[in-house]
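Engineer: I have a structure I would like to understand better, so I am pasting it below and will then ask my questions one at a time.
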Amino acid sequence: MENKLIEKDLTYKLPQMEAGSHILYIFNQMDKYIENAVHFILDGLRKNEVILFVDTMESFEKVMNELREIGYHSSRLSQLIFAESTETYVIGDEFNLDKTGDLIHLLNPFYEKGLRIRTWGQVLIPHHESTLERLRIFEKNSDDFIAKSHLISVCAYNGLAISAFHQNELMRTHTHFMTDSEFIISPLYDRTYLRTPSIREKEQLRLIAKQNQELRDKNISLAYNNKMISLKNKVIAESEKKLQAVIEQLPNPMIIRRDSRILFINDTARRQFSINSQNIEKENHLHQFLQKYHENASVRSETNKVQNHHFILKNGDEKYFIVKSIELMFEGEPSILHSFLDISQEKENERLIVRSEKMNIAGELAASIAHEIRNPLTAIKGFFQLINREDEHEMYHNVIEDELSRIEQITSELLTLAKPHSEKRRNLNFVQLVEEVTFLLTSQANSKSIVMLLEVERNEMYISCEETKIKQVFINLLKNAIDAMESGGKIVLKMKEIDNHIEVQVIDEGKGIPKELIKRIGEPFYTTKDKGTGLGLMVCFRIIENHEGTIKVESENGVGTTFTITLPALRELEV
């Protein structure tokens, strides 16, 4: 039973130690150290030997707990003598040579009775310049006593607290060398080295000890600095996590980057800028912003780190941002935080205000011009009709009549533009209204090999409007579409209800409008036609805006143009 217990959970089985063995044990793992100490004690108990165990109280209690677990209680441990290592090896801050001599006196009675003895001691090494010479004297005295008494002695040293120089010195004074898992004859053991050091040797040992202490102090300082750096890095990492958490919750796009690499991006920026990876590709709209930022870096100051930037997204949408840039440390390196404030709606409002002002000015101007032209025009046209009955120059008459009609049409459009908004509205079926307009222009479309198609979700969708004005809008849009399609094709009108609004798309297959010109569509006197005035679309925009609606224009060269009109829908109860 006892032999079986001795083998319990040990790292390796200690070899048979011969009498007179003076063993140096350099340990690194405390659990292995306790296991080997237990094995050493059990082996001595089995051989009926007296065991002197010199260690800290903490280690001794761990050993005792292990012994109790395998059935060894106090009554069976009368041959085990314990001594506190802190009281045995150290006095003040120096190695205690006098006290260690007491251990030899403690063992003499057992030696005189003829009992076999073994000792185990964890030797504590104080950091003092006299330690090396005292330790050498201690090991010399111990080796003499071991050789004389033929006992087995293990001198244990903590490998994490002892220098390589100390280990080499100790291997010269011990017959055997042991680690947590190995046991060999010491290759450096030298019996002639075991003598009291001379004065010169003591000075050398003290100098070496002093140098070791200086190195130890430096190591402690470096360890402390490393610990502080580690703590600082931990604090920085925690701060960065908090910063990321705050940025993630902000409604504005936020980006932290270094060069063209994104280090952190919140969900808002990821959605708005369509960024899926950590690298900003050259074709991405952000790449231009970063280039512009770096170009201005040399002249940038604290006061001009706010920039306006215009983005064109992959889907063609235009966005305007005010960008605030802050230089900061992120992940231990200089980085830049960009905060984007979307001002696209403000820009659109500015554009609408300018457009509205232009239309108001154009309206006032149109009223003045129309009244000044219309009265003499009426007289000219009347007298021309009288002359036309008698004059033989019919071709000239036709040209003059066409041009007079054109002037009359322009003055009519000017007056429509200048008239105040009419409140003569009725609740009408929008689908029927659009059908009537398409029917009216079908013959004109057919003459140019154009087919007009109307696609609706349902046959009844109601709006509140002034019928003639809304019809005028669709007549203008369809006429423009027909004029733009020189090679025939089809015009599609799609009607559907979206979120309490009715949307109508007029889609043609004409030559399209260049992107740089789309913004000017609807401006006073701006047109893409050779003989146009630009008033037709301006009138359309004014009418739709007066009906609380919107007009949007999308176009692609060589494909066609789409006008999207949106007007408020009436609920069924209102109809």
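Engineer: How would you rank 503-512, 437-446, highest first, on the average number of other Cβ atoms within 10 Å across their residues? Working shown, then result.
Structural biologist: Values: 503-512: 19.7, 437-446: 14.8.
The most tightly packed comes first, giving 503-512, 437-446.
Engineer: Could you tell me which of the pairs 494/519; 479/519; 210/232; 471/519; 319/424 are separated by over 28 angstrom between their Cα atoms in the structure shown? Walk me through the intermediate numbers first.
Structural biologist: Details: 494/519 23 Å; 479/519 21 Å; 210/232 32 Å; 471/519 24 Å; 319/424 39 Å.
In this structure, 210/232; 319/424 exceed 28 Å between Cα atoms.
Engineer: Listed here are the pairs 448/511; 347/469; 511/552; 448/552; which of them are more than 24 Å apart at the Cα?
Structural biologist: Working: 448/511 15 Å; 347/469 29 Å; 511/552 18 Å; 448/552 26 Å.
In this structure, 347/469; 448/552 exceed 24 Å between Cα atoms.
Engineer: Another question, then. Using the C-alpha gyration tensor of segment 19-112, what are the square roots of 5 times its eigenvalues, in whole angstrom, with the largest one first? Write down the numbers at each step before the final one.
Structural biologist: Numbers: eigenvalues 99, 64, 36 Å².
Here the semi-axes work out to 22, 18, 13 Å.
Engineer: Hey, another quick one. By average Cβ neighbour count within 10 Å, what is the ranking of 261-268, 234-241, 174-181, 553-560 from highest down? Provide the component values of the computation, followed by the final result.
Structural biologist: Details: 261-268: 17.0, 234-241: 11.9, 174-181: 18.9, 553-560: 14.6.
So the peptides 261-268, 234-241, 174-181, 553-560, ranked by packing, come out 174-181, 261-268, 553-560, 234-241.
Values in this text are rule-based calculations from the coordinates and carry no lab data. Note that this is a predicted model, so its numbers are computed, not measured. Cβ: placed from backbone, ideal geometry, glycine included. Neighbour counts: every protein chain shown.
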